[in-house]
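Okay, so here's the structure we're looking at.
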Amino acid sequence: MIAAKDRKIALWNIGVAYTAFLIGTLCGLLQVFIRNDALQLPAWLDYYQILTAHGVLLALIYTAFFIFGFFVTGMSKTLGTFGPKVWLFSWIGFWVTLAGTVLATIMIVSGEASVLYTFYAPLKASGWYYVGLALYVVGTWISSFALIAHYLVWRKAHKGEMSPLFAFMTIATLVLWLIACLGVVATVLFQYIPWAFGWTDTINVELSRSLFWYFGHPLVYFWLLPAYMAWYLIVPKLLGVKVFSDSLARLSFVLFILFSIPVGFHHQLTEPGISNFWKFLQVVLTFMVIVPSLMTAFSMFATFETSGRKKGAKGLFGWFAMLPWKDVRFTSIFIAMAFFIPGGAGGIINASFQLNEVVHNTLWIVGHFHITVGTPVAMTFMGMTFWLIPYLTGRKFTKSMQRLGFVQIITWSIGMLLMSTAQHVLGLLGAPRRTAYSSYNNHPAALEWFDGILTSHVTMAIGGSILFISAMMLMYIVVMTMFLSPKAEKPEDIVEFPLADSDRESSPKFLENWKIWIGIAFALILIAYAIPLSSMIQHAPPGSEGLKTW
């Protein structure tokens, strides 16, 4: 068990994460009923408020606080108890991030920031909303530097040693996060805040969007890499084997740093102002991200095979029957992995020049987002929650909660399958994203969106309702394991941190030479962004005044 002072930091992060999860999932439930014309909101609340809250609270707040809770726990366990300065700055980072979160949420709820998760200009929120976003990022930076300092203290005391794999992966994720945030910090500080407070009259829309997507795509990997950490490190422990390859795991995380940042233009393939050459270059780099994902898939199947053979499995797929299906910690993560297969295939479609034309700004994109983030990432976090909170609180994860956990992940899978499939099909039929209910004056094409089995907003609403029920089951488990479940007193009742061993001594030391990888990452960023961004600045149009459409 990690030190009590470190546990407290982790638990506060996880507590805030699940508070945001509760509110965010409620907003999601309201959305699917509004789009189906089955619900009318009161006058003081509109669709775009809850759409913004849903995206911000789940995509930014829930994920970041949960990830830092996970990192604090794992870094304390693998590298030792936090020193006084690391402990202090971890708390400062937490409170600054929370202050930004509260300020931004207040602006959304008060109707001053219905600019959606992407906050595209020229939609203009209150300046205090952008201040809240800035505080959120600064707070996560402080927390990141605290963890990096803890890592550097360990490296100084263990010269010549490879760090534990968990610590290496944590630092890789934080390096990606720190570099990626440079884009959103630049646009918020130097564009949005002066514009929103009236210090400047207009904003360069193309530049602001490009800087957002410089951040927006690697943000996905900030969510995904902690899930990969669970796949690489926790799954083998649950299977009773070592990490398949320590060096392969480290290399895959290095490649994510290199190839997940200079790819933002593939979100802007339909926008003018960016030449096709730079779009094509970033599409190529986007497809390079597939390589470490395939390396991860190879490692996982090798782990399953190794475990199965160890238990006597025969034949090509004999290992499948040997997996610990009765352990909800494993089953939840396995299902999450399975969902990532169609999710990744959809990503290839979104990133391609021609196919993106068909699905751009339709509900297909929303379906893709939910089947990649809302299931592989979220369900992996759920599987981690089943042991992470009991490990931190010292409470039991009872058999009844294990059974409820199975019901929760099954209902989440069914709900997501229904909702995401409907969204994909509706997108192919032309249903737009980011809109409330509309029949477009009873246009025949729009009326198709409300008929059929898989082509209906009704199916989407059914799936969303099942997801909300599943979310409430998860919240029950969170509250029980955090506050109400009996304390574990017998050794067999104590929940462990299931961390697999890896042969780190055999990994090449250059994999942990951060100067090399950060240098290459910045070189790729300069190649991909320097010329197009400088062109946007040098040849800037007059700019746009702010719009408030709500």
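From the list S332, S352, the one residue that fits, being surrounded by fewer than 20 Cβ atoms within 10 Å (Cβ to Cβ), hydroxyl-bearing (S, T, Y) and either over 18 Å from P292 (Cβ atoms) or under 15 Å from the mean Cα position of the chain (by Cα) (or both), is S352. The residues listed here are G132, G127; of these, the one that is buried (at least 21 other Cβ atoms within 10 Å of the Cβ) and either among the charged types (D, E, K, R) or closer than 23 Å to G93 by Cα (or both) is G132. Does any residue of region 155-166 turn out to be closer than 22 Å to V283 by Cβ and in contact with a Phe, Trp or Tyr (Cβ under 8 Å, 6 or more places away or on another chain)? No, there is no match, as no residue in region 155-166 is closer than 22 Å to V283 by Cβ and in contact with a Phe, Trp or Tyr (Cβ under 8 Å, 6 or more places away or on another chain). So W91 clears everything in (1) modelled with pLDDT of 95 or more; (2) crowded, with 24+ Cβ neighbours inside 10 Å; (3) more than 22 Å from Y129 (Cα to Cα); (4) of a type outside the set (D, E) except one condition, right? Which one? W91 satisfies every listed condition except (2). Only one entry in A488, A461 is under 30 Å from G343 (Cβ atoms), of a type outside the set (K, R) and touching a residue at least 60 places away in the same chain (Cβ under 8 Å), namely A461. Return yes when L189 is under 29 Å from T380 (Cα atoms) and either small (G, A, S) or surrounded by fewer than 19 Cβ atoms within 10 Å (Cβ to Cβ) (or both) and no when it is not. The answer is no for L189.
Count of region 153-180 residues, restricted to those that are in a helix (DSSP H, G or I), more than 24 Å from the chain's Cα centre (by Cα) and of a type in the set (A, V, I, L, M), is 2.
Restricting region 493-527 to residues that are under 23 Å from the mean Cα position of the chain (by Cα) and assigned to a loop (DSSP other than H, G, I, E, B), the residue that is farthest from F386 (Cα to Cα) is L499. Residues in region 322-332: is at least one among the β-branched types (V, I, T), in contact with a strand residue (DSSP E or B) (Cβ under 8 Å, 6 or more places away or on another chain) and not in a loop (DSSP other than H, G, I, E, B)? The answer is no; no qualifying residue exists.
Any idea which of (1) part of a helix (DSSP H, G or I); (2) over 23 Å from W517 (Cα atoms); (3) over 21 Å from the mean Cα position of the chain (by Cα) is the one A134 doesn't satisfy? Tallying (1) part of a helix (DSSP H, G or I); (2) over 23 Å from W517 (Cα atoms); (3) over 21 Å from the mean Cα position of the chain (by Cα), A134 fails exactly one: (3). Taking G198, is it on the phi > 0 side of the Ramachandran plot and surrounded by fewer than 23 Cβ atoms within 10 Å (Cβ to Cβ)? Against the criterion (on the phi > 0 side of the Ramachandran plot and surrounded by fewer than 23 Cβ atoms within 10 Å (Cβ to Cβ)), G198 qualifies.
The values are calculated or read from the model by the stated rules, or taken from the named source; none is laboratory data. Just so it is clear, the model here is predicted, and its values are computed rather than measured. Don't worry about glycine lacking a Cβ; one is built from the backbone with ideal geometry, like all the others, and counts go over all protein chains shown.
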